[in-house]
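Working notes, structure below.
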2 protein chains.
Amino acid sequence: MGLPVVGMVGGGQLSRMTHSAATALGLSLRVLADAAHDSAALVAHGVVVGEHTSLADLLSFAAGCEVVTFDHEHVPGSLVRALEQEGHRVLPGSDALLYAQDKQLMRERLHSLGVDVPAFAAVGGAADLDAFAAEHGWPLVLKAATGGYDGKGVWVVDDQQQAAPVLASGVRLLVEELVPLRRELAAVVARSPYGQAAAWPVVETVQDGGVCVEVVAPAPGLSEELALAAESLALRLADELGVVGVLAVELFETADGLLVNELAMRPHNSAHWTIEGARTSQFEQHLRAVLDYPLGATTPTAPWTVMANLLGPQDGEDGGDGGDVGGRGELDRRLHMLFAHDPALKVHLYGKALRPGRKIGHVTALGEHLDDVRRRAREGATYLRSGSWPR
Amino acid sequence: MGLPVVGMVGGGQLSRMTHSAATALGLSLRVLADAAHDSAALVAHGVVVGEHTSLADLLSFAAGCEVVTFDHEHVPGSLVRALEQEGHRVLPGSDALLYAQDKQLMRERLHSLGVDVPAFAAVGGAADLDAFAAEHGWPLVLKAATGGYDGKGVWVVDDQQQAAPVLASGVRLLVEELVPLRRELAAVVARSPYGQAAAWPVVETVQDGGVCVEVVAPAPGLSEELALAAESLALRLADELGVVGVLAVELFETADGLLVNELAMRPHNSAHWTIEGARTSQFEQHLRAVLDYPLGATTPTAPWTVMANLLGPQDGEDGGDGGDVGGRGELDRRLHMLFAHDPALKVHLYGKALRPGRKIGHVTALGEHLDDVRRRAREGATYLRSGSWPR
């Protein structure tokens, strides 16, 4: 009997960071990647290049693994079930994963559990929108029921005219009220097959154009009551839905309380801060959970941790020579400058090409004073992206 | 221009942990390993199996690397120089590495720099020992001038009779006084080609049979004066010897002050605690140094950090079914128990077979109270090794 082999479907940064956690535990993550230059495929020893939509590729990948888990939600549910039916251990399982893959099923299930969610309805055509708008008013939010991420698959529309091209796209849609939110929060927990669960402190997530740009741990000024409510909700959902591994519950904080926005059943951007900011990172915890080890302590290691995503250069920003991986020379120069500027900032790069808007890394600052920690994280991310210090 | 490629000669746990640090920096360590099952070869993407004593293998490995560095001292100096002469960037360079490879040259150089070292002499035969004993008395310490590690290549001898087999071995030897030491310390620093240097707090290292079993950071009860002296000494040696990368200076603390015992120019066991216990780990720092990035902050993240080495089972201890990698089943069971017992303990396993006395991993505990932190680290290492809790 050799080392337990954990296979992760998807070769993105979540696999990449999970591989580092696996390495410390004496393991080596096996990765099913779309391409040899995927983020995790660049660093993991056991890389299989294949299609996550091909049952043959999935079965052949799973054959060498004691447990198969995921760095994204894009493996069709029928294939996840087929893997299970062939006797493979898949965690989170298909019955849970369903609710991270299909927003309509998720909304219906949460509603039936008595969990507050934005008002929603399935949309077949323009008439459904009119009916929904009659109750909730415009603007409304259209969402692709499956396949969206990082703001993709979400459209805020003011009227039928703006909705028309989305309705015409043929994508299965649901409509939601545009929630008047104070801010977004995330409650991240992990659960093992044994049923043990552990929660990290609730964080504030800051979005820009549907993409998370900053996470503050813990959420500043959050009342103990709301923090407890959010943690309890996430722990309850992990249990009710039978999640194994990390569960991230994205929340809207409103004047009336908390609404669940999205669920993710894998390591999640809102918990990258745990690598340095908590005694057990979400990546180690996900592995502990899917291997049914007792979970690790989620105690913070500093009063404040702020993670800022490093996005590829935006319009008008200098991404270096060409904005592709060829831009590494310029990124490298910026790294030098940033390391000299802030020797305590932690930089994580994913080995990805510098495409506009793409998450190519993140930086993490930790410390005693929120303003200072936040400024350092923002400085780091802004400088690496643009080559200029924020004013 | 692609990512900078750092190559590390040697596939042990130092390479393994350096690979995880490289992964965060957007890199992927290339490893020259003796065998495909070497610790780092199990987890790194770019593994070349070859001999570190073969110039052909070294040249072919170096061809794809921007910089070549080492996880051990066993590459012959002539080959390191040959790599440099072929135009490869090798860090630390041969002129520095010499003093980590040859204890006699090291002792002579340090003596000429006015640094306190144990009394020593080269040994050609029994007559040299008698002459040395006349001045310093028995017992004496014989050391292989090159190639020793973890207590190997060191013999404490009471008389000529005990020395005879060592003298007859044909190994080039030096003799040293047996220093009446209070305890052992280590001062670990890093230095970049630019000349920037940074020191971690001085630690106490606890040895058992010449093998490090425990490291306490910072060294308990060490006066500020001695701590500063040790740090200054290590920084001065890094500069005088032209070290690039991590330099570990192993020290004897005696009633009269500090003596230098050994030098290592690579990530070192006495600084594994920095993975969780300092803002920048020695592995990240070594990479920053050899890539000539500005160095990271060495600030501790907790008042006390204790690292305990996990050694393969000793005589009379139950290492599981057979004491080989087949013992993973038993180690896995112990991991479950330990994780349940202490959810905040950090476990690092190297993917190595469970051979007696071999370093197969380490555990790290952090916290406010030294006694508690030390107890937790010892409990963890003892339980994983023996399957029994310490009394």
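Select from region A:258-282 all residues whose loss of accessible area on going from the chain by itself to the full protein assembly reaches 40 Å² or more (probe 1.4 Å). Those residues are A:R279.
Label-to-label distances for B:S223 across copies, nearest first, come out at 5.7 nm, using points 7 Å from Cα in the beta-carbon direction.
Shown here: region A:77-233, whose C-alpha atoms stretch 50, 48, 30 Å along the first, second and third principal axes, sorted largest to smallest. Only Cα sites of region A:147-239 enter the Debye sum here, all with the same form factor; the resulting log10 I(q)/I(0) across q = 0.24 1/Å is -1.21, listed in q order.
Each label was represented as a point 7 Å from its Cα along the Cα-to-Cβ direction; for B:A255 and B:L55 these points are 5.3 nm apart. Rounded to whole numbers, the Karplus 3J(HN,Hα) couplings from phi for region A:203-216 are 10, 9, 10, 10, 10, 9, x, x, 10, 5, 10, 8, 10, 10 Hz, using 6.51 cos²θ - 1.76 cosθ + 1.60 with θ = phi - 60°, and x at Gly and Pro. Relative contact order, whole percent, for chain A stands at 13, derived from Cα pairs under 8 Å and 6 or more residues apart. Between A:A82 and B:R355, the FRET efficiency estimated from the beta carbon spacing at R0 = 41 angstrom works out to 0.45.
Just the projected area, averaged over all directions, of the convex hull on the alpha carbon atoms of the protein assembly as shown: how many nm²? Mind showing how you got there, number by number?
Details: hull surface 140.2 nm².
Result: a mean projected hull area of 35.1 nm².
Scaling against 2.2 N^0.38 Å puts the C-alpha radius of gyration of region B:72-158 at 1.30.
What dipole magnitude, in Debye to the nearest 20, does region B:1-78 give about its Cα centre under +1 on Lys/Arg Cβ and -1 on Asp/Glu Cβ?
Details: 2 positive and 7 negative charges, 47 e Å.
That gives region B:1-78 a dipole magnitude of about 220 debye.
Looking at the protein assembly as shown, the accessible area is 37 square angstrom per residue; that uses a 1.4 Å probe and ignores ligands, DNA and RNA.
When the Cα positions of B:V154, A:L59, A:L32 are compared along the charge dipole of the protein assembly as shown, A:L59 comes out farthest toward the positive end, with charges on each C-beta of Lys, Arg, Asp and Glu. In this structure, the amide hydrogen of A:G12, modeled 1.01 Å from its nitrogen in the peptide plane, lies closer than 5 angstrom to those of A:A40, counting only residues at least 5 positions away or on a different chain. Amide H contacts for B:R172 (H built 1.01 Å from N in the peptide plane; partners 5 or more residues away or on another chain; cut-off under 5 Å): B:A145. Here, region A:1-120 yields an orientationally averaged convex hull projection of 8.6 nm² when only Cα atoms define the hull.
On the protein heavy atoms, probe 1.4 angstrom, tell me the percent of accessible surface of chain B carried by carbon and sulfur. Show your work: numbers first, answer last.
Working: 7300 of 14560 Å².
Summing carbon and sulfur atoms, their accessible area is 50 percent of the total for chain B.
For chain B, compute Rh as the Kirkwood radius over C-alpha pairs and then the Stokes-Einstein diffusion coefficient at 25 °C and 0.890 mPa s; write the answer in µm²/s, rounded to an integer. Mind dumping the intermediate values first?
Working: Rh = 21.7 Å.
It diffuses with D of about 113 µm²/s by this estimate.
Label point of B:A344 (7 Å along Cα→beta-carbon): distances to the other copies' equivalent points are 2.1 nm, sorted ascending.
Near A:A119, within a Cβ-to-Cβ distance under 9 Å, what is the net charge of the other residues, with Lys and Arg +1 and Asp and Glu -1?
Details: positive: none; negative: A:E135, A:E176, A:E177.
Its environment carries a net charge of -3.
When chain A is treated as a Gaussian network with alpha carbon springs shorter than 10 Å, the biggest mean-square fluctuation among A:G151, A:G46, A:G221 belongs to A:G221. Taking 0.36 nm per residue of separation and subtracting the current Cα-Cα distance, fully stretching the chain between B:D128 and B:M337 would add 69.8 nm.
Other protein chain C-beta atoms within 10 Å of residue C-beta, averaged over A:330-341: 3.
Taking all protein chains as shown and a probe of 1.4 angstrom, B:E86 keeps an accessible surface of around 120 Å². In this assembly, the A-B interface accounts for approximately 4000 Å² of buried accessible surface in total, computed with a 1.4 Å probe and without ligands, DNA or RNA.
Annotation: amide H-H contacts under 5 Å for B:G26 (H modelled 1.01 Å from N, sequence separation of 5 or more, or interchain): A:L349.
Determine the shielding of peptide B:25-31 by partner chains: average, over its residues, the number of Cβ atoms on other chains within 10 angstrom of each Cβ. It would help to have the intermediate numbers written out before the result.
Working: counts 6, 16, 4, 6, 1, 0, 1.
Per-residue shielding by partner chains comes out at 5.
Taking the axis that carries chain B onto chain A, what is the nearest Cβ in chain B, and at how many Å, to the whole number? Closest Cβ on chain B to the axis mapping it onto A, in Å: B:S20, 2. Per-residue mean of foreign Cβ neighbours for B:140-147 is 0 (Cβ atoms of other chains, 10 Å radius).
Label point of A:E51 (7 Å along Cα→beta-carbon): distances to the other copies' equivalent points are 4.7 nm, sorted ascending.
Each label point was placed 7 Å from the Cα along the Cα-to-Cβ direction; for A:D159 and B:D208 their separation is 7.9 nm. Each Cα pair under 8 Å and six or more residues apart adds its sequence gap; the mean of these over the residue count of region B:94-187 is a relative contact order of 32 percent. For chain B, modelled as a GNM with alpha-carbon contacts under 10 angstrom, which of B:Q314, B:Q104, B:Q85 fluctuates the most? Looking only at B:Q314, B:Q104, B:Q85, the largest GNM fluctuation is found for B:Q85. Taking a point 7 angstrom from the Cα of B:H111 along the C-beta vector, which residues in region B:141-185 have backbone N less than 11 Å away? Zone members listed by number: B:175-177.
Please state the charge dipole magnitude for region B:255-308, taken about the Cα centre, from unit charges on C-beta atoms (+1 on K and R, -1 on D and E), reported in debye and rounded to the nearest 20.
Numbers: 3 positive and 5 negative charges, 30 e Å.
Roughly 140 debye, rounded to the nearest 20.
Only DSSP H runs of four or more residues enter the estimate; each adds -39500 (n - 2.57), and after division by the residues of chain B the mean residue ellipticity at 222 nm equals -9500 deg cm²/dmol.
The values are calculated or read from the model by the stated rules, or taken from the named source; none is laboratory data. As the structure is a computational prediction, the values presented were derived from the model and not from experiment. All Cβ positions, even for glycine, are placed from backbone atoms using ideal geometry, and neighbour counts span all protein chains on display. Note: accessible area is taken over every heavy atom of the protein model, side chains too, but ligands, DNA and RNA are not part of it. Shrake-Rupley method; radii C 1.70, N 1.55, O 1.52, S 1.80 Å.
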